[in-house]
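**Student:** The structure follows.
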Amino acid sequence: SIRAFARMQAWHNPKIATLARALDDCRHADPAASTAWRDRTGNRMRGAISIIERLRAEGRLEPTWTTTEAAALLWELTSFHVWDDLVNDAQIAPDRYVEIITTAALGTLGTPMEVVPGFIEFGDAPR
């Protein structure tokens, strides 16, 4: 699930933050660092593709998204940079980061919810 994917980033990223920042800083000039960075981010992309394929199979992915596009967005939302910016720079608590990423991904990638006749939506007056 997207929530589990975001939770894993929130758990894992603090453990690798110092190394990830150093690797990111030198990856554009150092071919070995670039290879290492692509290797690490490639694993996350494979996870994103798997999640998107599952959402599509379950009919929960908005059909206008290609798998490549949807996986790229999920990959970016769960990136080290987004985590670092939100948790460390913006001082958002890790648990709240998980909810923000989950809500943003599902709200953007998910199919709109069906309107159920007689269902009271938030803010509606009881009928």
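The values are calculated or read from the model by the stated rules, or taken from the named source; none is laboratory data. Keep in mind the model is a prediction, meaning the values are calculated, not measured. Heads up, the Cβs are rebuilt from the backbone with ideal geometry, glycines too, and the neighbour counts pull from every protein chain shown. These accessible areas exclude ligands, DNA and RNA; they are computed on the full protein's heavy atoms, side chains included. Shrake-Rupley method; radii C 1.70, N 1.55, O 1.52, S 1.80 Å.
**Student:** If I go through the stretch 104-127 residue by residue, how many of them are surrounded by 10 or more Cβ atoms within 10 Å (Cβ to Cβ) and either at pLDDT 95 or above or part of a helix (DSSP H, G or I) (or both)?
**Tutor:** 5
**Student:** Also, I was wondering about something else. Can you work out which of the residues in the stretch 40-76 that are in a loop (DSSP other than H, G, I, E, B) and open to solvent by less than 70 Å² (accessible area, probe 1.4 Å) is farthest from I16 (Cα to Cα)?
**Tutor:** The selected residue is G59.
**Student:** Among I52, I101, which is the only one that is aliphatic (A, V, I, L, M) and in contact (Cβ under 8 Å) with a residue 60 or more places away in the chain?
**Tutor:** Only one candidate passes the filter, namely I101.
**Student:** Take R7 and tell me if it is free of Cβ contacts under 8 Å to residues at least 24 places away in the same chain, assigned to a helix (DSSP H, G or I) and under 30 Å from P112 (Cβ atoms).
**Tutor:** When the stated conditions are applied, R7 does not pass them.
**Student:** Additional query: Which one of I16, I92, I101 is among the hydrophobic types (A, V, I, L, M, F, W, C), open to solvent by less than 70 Å² (accessible area, probe 1.4 Å) and in a loop (DSSP other than H, G, I, E, B)?
**Tutor:** Result of the check over I16, I92, I101: I92.
**Student:** Hey, another quick one. Would you check if S79 is farther than 26 Å from E99 by Cβ and surrounded by 12 or more Cβ atoms within 10 Å (Cβ to Cβ)?
**Tutor:** no
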